Each structure stands twice: as C-alpha cells, then as structure tokens.
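Peer 1: First the structure, which I've put down as structure tokens, then a few questions once you've had a look.
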Amino acid sequence: MPSLTASKKRTATEHGASRPTLLLDWYDRHRRRLPWRPPAGERADPYRVWLSEIMLQQTGVKTVGPYFEKFLARWPDVASLGRASQDDVLRMWAGLGYYSRARNLHACAVAVLRDHGGVFPDTEEGLRKLPGIGPYTAAAIGAIAFDIRTMPVDGNIERVVSRLFAVEEPLPQAKPLIQELASTLLGPTRAGDEKSRAGDSAQALMDLGSSICTPKKPACALCPLNDDCVARARGDQETFPRKAPKKTGILRRGAAFIVTRGDELLVRTRSEKGLLGGMTEVPGSEWLAGQDDKAALKQAPALKGVTRWHRKVGVVTHVFTHFPLELVIYTAEVATRTRAPEGMRWVPVATLADEALPNVMRKAIAHGLDL
C-alpha cells in the first residue's frame, strides 16, 4: 500500500484532532434517519447492518429502503433468513439487480446459522470468511455494529476524502491512499469509554457525501470540514475524485421468446452460475456481440404447433455493468394442453410478481404481452 505523501501526512496530522471532532459534532446534529440505523446512543443490530450493506452495494438508499423493510418483515433475523430457500430469497430480491448479491446473502445467512449459531462474528477476520463479505463490508459491519476501530470506504467516503486532501491519483489506483487518509478521520475515544465511535465516524462521512459533498454542486458552505478542504480552497472540488476513462462494453444482441398458453407464460430458471444466476427468465437466445436475428431465431424453444414466430416491433434495451443489451421479442400462442419443453414450465401471468424475474426479463415480458 502506498503511504501518505509528506504534505498530506502533515496536513492530516495538523488537523487530526479537529477534523474527527468536527465531523462527529455535525453527525450528532444532522444524522440521517434510515431503517437500518438505530437511534443515537443505541447499539446497531449486526443483522440489519449486514443486510443493508449488501443491499446498498451498487444501489441507492431510496431504492433499498422498501426492499430492506420487506426482507425484515419476512426474515427478522439471520437465523430465519438462513432457514429460507434460495428461491424465496431471489423472489424477494427481484428488481434490486446484481443478483449474485442475493445468492451470497442467502449463503452467508446459512453459514452464520450453521457455523456460528446464528450470531455474526465480531471481528473483521471472522466476517471476511463469510460468503459475500469482502474487506469493505467486513469493515462496515465491524465499525458500525461492533465498534471496531476501522474505517470502511464506500463511494461517498471516497469522494469526501479525495476532495478534502485533493487526491490527484485517479481511481481505482487511488483506493489504498484514500483508505489511509480516511482512517485519519476516525473519531477519538470518549473519556471513560473504550468505544471509539468508529461506526459514527464512518456513517458521518457517508451522510456528508450523500447530503452535502455530492458529485455535482456540493454545498460546501454547509460542510463542517469546509475550512480545511484543499479542493474547495482551489475551487476544483467537482473534479474529484479523479477517474480513469471508463470503458464501455460492446453491445450484445439476442432474442426473447414470449410464449403463452391461455393465461400462462413459458419460463425457465437460469443456471446457478454466471450472470443472473438462479433467476427466472423467458426462453431466449445467447447474448452475443455478433448475434443476428436469423441465428437468434434458430434458438427458439421447440413447441408443438408453433410453425411461425411473430416479431414485435421495436427492441428491449437494458444496460448491465459490463455491457449494453438489445433484445428482439418474438411471441407465439400454443394450445391449452401443450407441454412445456424440458427444463421449462408454465406459470400463470397473474403470479409473475412472485417469480424471481430480473428487470431485463420484466421489460421483455411487458413488451411481448403489451403490458
């Protein structure tokens, strides 16, 4: 890990006593009310912290809120979640995206129940051994739920720290330096109390990045650290964090086949491994950069009585993390007694909301059924 530059280390040392205190004082006055965050002074529930952190990966607070409440109502603790089926977890997760998180969520709950008696380990090392918990999530749970003196660094904290210290190195190369600088903002221990308020320090930075030190037009006048921010003094705060040019994935194309049998729809379950693993989908072709309509149509499911597919006007578009996708939609209707091909099944259209359908499939079905 690269060490702090001499000037940044000197700045961090000179203001080390004031920055954490200013930050915590601000947090005590302005902390956000979030479903997973307990009232001030109360200890956080490790289960809620973990559940929220997994959901918040690549997803905003507003989107996560309803899903968090729904999960908590269904599975109020890690033991109940660990006893659930993966299919049920995927159904509840449907629409939240990045579905490997849901599979890891379930696997982690199973591991905590099986190997730890339904109690989360209270060390970063122990947490990192659990499925789906990496260095950041382990630090977040450790700091917020167990008062471990560690600083998790998410996107909000990266932005605050990169501006505060004017970190010129672009992401992701700058991550180790930002991590080291962020750790200088950990709050002091309280007199007569061994707790470090590390969780409060981390959440203060998260809240600061979310509400004040925003990507565009940051409200610097309201920031508790504004007198000490190098980027603000230079007037180029919106240019941080520095980022390397983003590579755009190559467009892939494919076809989706919407087959109805009365009021039922033909679906199948994707392989457990890979993109959208374990999720429900309508039959479709491969998604390839060089895919053409003729090749895609040859991958249609073989169904008795279907001699011609009707192509819907337009395409369904969706953007994954690494590539954009275009799907051509084909439709067909079959007789009432038509059997589903091997590996597929019929489900009532009225119960599709209960299926673990990713957003791209919901778009395809809506387009094919004119919903």
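Peer 1: Just to confirm my numbers, what's the Cα centroid distance between region 94-127 and region 213-268 in Å?
Peer 2: 26 Å
Peer 1: Using +1 at the C-beta of Lys and Arg and -1 at the C-beta of Asp and Glu, which of Leu96, Tyr67, Leu251 has the Cα lying farthest in the positive direction of the dipole of the chain?
Peer 2: The listed residue farthest towards the positive side: Leu251.
Peer 1: What dipole magnitude, in Debye to the nearest 20, does the chain give about its Cα centre under +1 on Lys/Arg Cβ and -1 on Asp/Glu Cβ? Provide the component values of the computation, followed by the final result.
Peer 2: Numbers: 53 positive and 41 negative charges, 196 e Å.
Here the chain has a charge dipole of around 940 debye.
Peer 1: Probe radius 1.4 Å, ligands and nucleic acids ignored: give me the carbon and sulfur share of the accessible area of region 170-302 as a rounded percent. Don't skip to the answer; put the middle values down first.
Peer 2: Values: 3570 of 6800 Å².
Of all accessible area on region 170-302, carbon and sulfur atoms account for 53 percent.
Peer 1: On the protein heavy atoms, probe 1.4 angstrom, tell me the percent of accessible surface of region 83-144 carried by carbon and sulfur.
Peer 2: Numbers: 1200 of 2540 Å².
Taking all protein chains in place, region 83-144 shows 47 percent carbon and sulfur surface.
Peer 1: Could you run the Karplus curve 6.51 cos²θ - 1.76 cosθ + 1.60 with θ = phi - 60° over region 162-170 and give me ³J(HN,Hα) per residue in whole Hz, x for Gly and Pro?
Peer 2: 5, 7, 4, 9, 6, 6, 7, 5, x
Peer 1: Less than 18 Å apart at the alpha-carbon level, and either on another chain or at least 8 residues along: which aspartates and glutamates does that give for Lys243?
Peer 2: The reachable aspartates and glutamates, counting only those whose Cα sits under 18 Å from Lys243, are Asp154, Glu158, Glu168, Glu169.
Peer 1: Ok, one more. For the chain, find the longest principal axis of its Cα atoms and tell me its angle to the long axis of helix 46-56, 0 to 90°, nearest 10.
Peer 2: 60 degrees
Peer 1: Kindly express, to the nearest 10 degrees and within the range 0 to 90, the angle between helix 135-146's C-alpha long axis and the longest C-alpha principal axis of the chain.
Peer 2: 60 degrees
Peer 1: Output the 0 to 90 degree angle, nearest 10, between the alpha-carbon long axis of helix 198-211 and the longest principal axis computed from the alpha carbons of the chain.
Peer 2: 70 degrees
Peer 1: By how many nm would the segment from Thr239 to Ala335 grow when fully extended, if each residue of separation counts as 0.36 nm and the alpha-carbon distance is taken off?
Peer 2: Details: separation 96, 0.36 × 96 = 34.56 nm, distance 6.04 nm.
Full-extension gain reported as 28.5 nm.
Peer 1: Could I have the simple spin-label model distance between Arg128 and Arg83, label points 7 Å from Cα toward Cβ, reported in nm to one decimal?
Peer 2: The answer from the label model is 3.3 nm.
Peer 1: Right, something else. Using modelled backbone amide H atoms (1.01 Å from N, in-plane), which distant-in-sequence or interchain residues come within less than 5 Å of Met279's amide H?
Peer 2: Here the answer is Arg270, since their amide H atoms fall under 5 Å of that of Met279.
Peer 1: Residues of the chain: accessible area per residue at 1.4 Å, in Å²?
Peer 2: Values: 18690 Å² over 371 residues.
It amounts to 50 Å² per residue over the chain.
Peer 1: Among (1) 1.01; (2) 1.11; (3) 1.18, which is the computed Cα Rg over 2.2 N^0.38 Å?
Peer 2: Evaluating Cα Rg over 2.2 N^0.38 Å on these atoms matches (3).
The values are calculated or read from the model by the stated rules, or taken from the named source; none is laboratory data. Because the structure is predicted, anything quoted here is derived from the model rather than measured. Cβ coordinates were reconstructed from backbone atoms using ideal geometry, including for glycine residues, and neighbour counts include every protein chain displayed. Surface accessibility is based on the protein's heavy atoms, side chains included, excluding ligands, DNA and RNA. Shrake-Rupley method; radii C 1.70, N 1.55, O 1.52, S 1.80 Å.
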